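Asks: This is the structure, below, for whatever I ask next.
Nothing in this text is a laboratory measurement; each read-out follows from the coordinates by a stated rule. Please read all numbers here as calculations on a predicted model, not as lab measurements. Here Cβ is always computed from backbone atoms with ideal geometry, including for glycine, and neighbour counts include all displayed protein chains.
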Amino acid sequence: MPDDQPTPTPVKRGLVSRTSPRAVSAAVAPTPLTEQDLSSLAPDRTEAEVEALLCALRAAPGLWLAQETLQRLITDTSSFVDGYSRALHLIERRTVHAHLAPASSRRAGPVQPLPSPAHLDPWSCDPTGIEDDSRVISVCPTCNGSEHVACGRCSGSARVSCGNCWGAGRVPGKRGTKNCGACRGAGTQRCGACSSGRVPCGPCGATGRVQAWLSISQARLPQVLVHPMGAAALVHERVKSPTDFDAGPNAWVNELISDTGDQAPYGELPSELEPELNPVTDRVLVTRLQSFSSRVHQFSYRAAGMTGIIDVAGSPPAVSRSTNWRPLRIRQITAAATAAWA
Ligand SMILES: [Zn+2]
Ligand SMILES: [Zn+2]
Ligand SMILES: [Zn+2]
C-alpha cells in the first residue's frame, strides 16, 4: 500500500459494504495488475483462466479494484464451450417499375389498358424482355386523351389576381382610393400562361396517347443472420458483416468449425437463420453457413448486493458484451459517495 494512502475512516452503517474504504483507496492509487500477481493470488487457476481474468480486470469500467477486493468479489469461476452459427444469404430482389412516354402521334394505336406493376410477378417473366413484351399504346392517364389539362397558374379559370392592386381592384389616389388602371377595378387579369384556362398535356406531349411499359430492376442483397448470439458470438466483432465470411482464421477470434461455402438455398434451417424475404420480390440465390466455437471463461461476482457475470471469450481473450458490469458500477458509485462523506 502507498504511504500517502488516507487512513480508512469508519463508514456510516448500512450505507455501503464493508469493503468500500479499500476499494476507494485502490481508485486513488491504482496498482497495475500483472499476470504474475494474479497467479500468486490464485494459484489454483489455469493459465487460460488467469489470462481471461486479467482481461476482465483491464476492461472493468471506471476504477481499478484492489486485487484482494477483486478476489473477494469473485464468487465463482466456470468455463464452457459456446458455439454459434451464421448464415449468409445472397438475395435477389426484383422490383417492377412503370414507365410512360408520349406516343408518336395522335392516331397511335390501337389503345390498350395501362400495364399494372402490381399484377406482374417479377419472378415469372424474363427481366430483359419485359420492356418489349409489356409495351402498349394507351390513352393518356393525365389528360384522359383530351391532349390538354387545366392551367396550373390560374387553376383553369383563365384569370389571375391583378399584380398592380394585389387583387383589391383599387389603388391609392390623390383623394382616397381609385380604380386600378391595370385591371379596371376588376382585381383580376387574364392569365398569360394558358389559353382559356387550358395548357398542352406534358406526359403525352399533347397527343392524348402514351407509350406505356414495365421494367424490372434486379438488386443483389446479402443478408447475415447469427444464432445464438451468446458470449462467443458477441466477441466476434464483424460477425454480421458479409465480407467477414472470407476474412479467414487469422481475422477471427473464435475457431471455425465448419463452412459450407455457397450452396443452393437450404430447405431446413433453424428459424433464427432463415432470411427475411418479401415473398413477391425476393428470392434466395445461394446460402453459406459457418459455425464457430470458443471457450468462455465466466466469472461470477457479488457487488452491491447483486450478482454480476463477466464473460471472457475468444483468442486473444476479450470481454464479451454479454458481461453485466452493473453491480460493479453501482458498488463504485456507492464507494465514491462514501469517500466524499468520510
Ligand atoms: Zn395527356
Ligand atoms: Zn392559366
Ligand atoms: Zn388591378
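Asks: Quick one: length gained pulling SER241 to SER217 fully straight, 0.36 nm per residue minus the C-alpha distance?
Replies: 6.2 nm
Asks: Where q = 0.13, 0.25 Å⁻¹, what log10 of I(q)/I(0) comes from the Debye formula for the range 80-125, counting one point per Cα?
Replies: Once normalised to I(0) and log-transformed, intensities are -0.58, -1.04.
Asks: Now for a separate question. Which net charge results when you count Lys and Arg as +1 and Asp and Glu as -1 among the other residues whose beta-carbon is under 10 Å from that of VAL226?
Replies: +1
Asks: For the range 292-342, report the convex hull volume of the alpha-carbon atoms normalised per residue, in Å³, without decimals.
Replies: Hull volume over Cα atoms, normalised by residue count, gives 79 Å³.
Asks: Residue separation times 0.36 nm, minus the C-alpha to C-alpha distance between SER258 and ASP121: what's the value?
Replies: Details: separation 137, 0.36 × 137 = 49.32 nm, distance 3.72 nm.
Gain on extension, SER258 to ASP121, equals 45.6 nm.
Asks: When Lys and Arg each count +1 and Asp and Glu each count -1, what net charge do the other residues less than 15 Å away from PRO110, Cβ to Cβ, add up to?
Replies: That sum, taken over residues with Cβ under 15 Å, equals +4.
Asks: Just want the ordering: PHE80, PHE245, PHE292, from fewest to most Cβ atoms lying within 10 Å of their own Cβ.
Replies: If I rank by nearby Cβ atoms, fewest first, I get PHE80, PHE245, PHE292.
Asks: Cα centroids of the range 286-342 and the range 204-238: how far apart, whole angstrom?
Replies: 37 Å
Asks: May I pose another question? Please state the equivalent ellipsoid semi-axes for the range 160-294: what are the square roots of 5 times the Cα gyration tensor eigenvalues, largest first, in whole Å?
Replies: Value: 73, 24, 12 Å, ordered largest first.
Asks: Further question on the same structure: Would you kindly work out the equivalent ellipsoid of the range 93-216 from its C-alpha gyration tensor and give its semi-axes, the square roots of five times the eigenvalues, largest first in whole Å?
Replies: On the way: eigenvalues 484, 46, 13 Å².
After diagonalising the Cα gyration tensor, the semi-axes are 49, 15, 8 Å.
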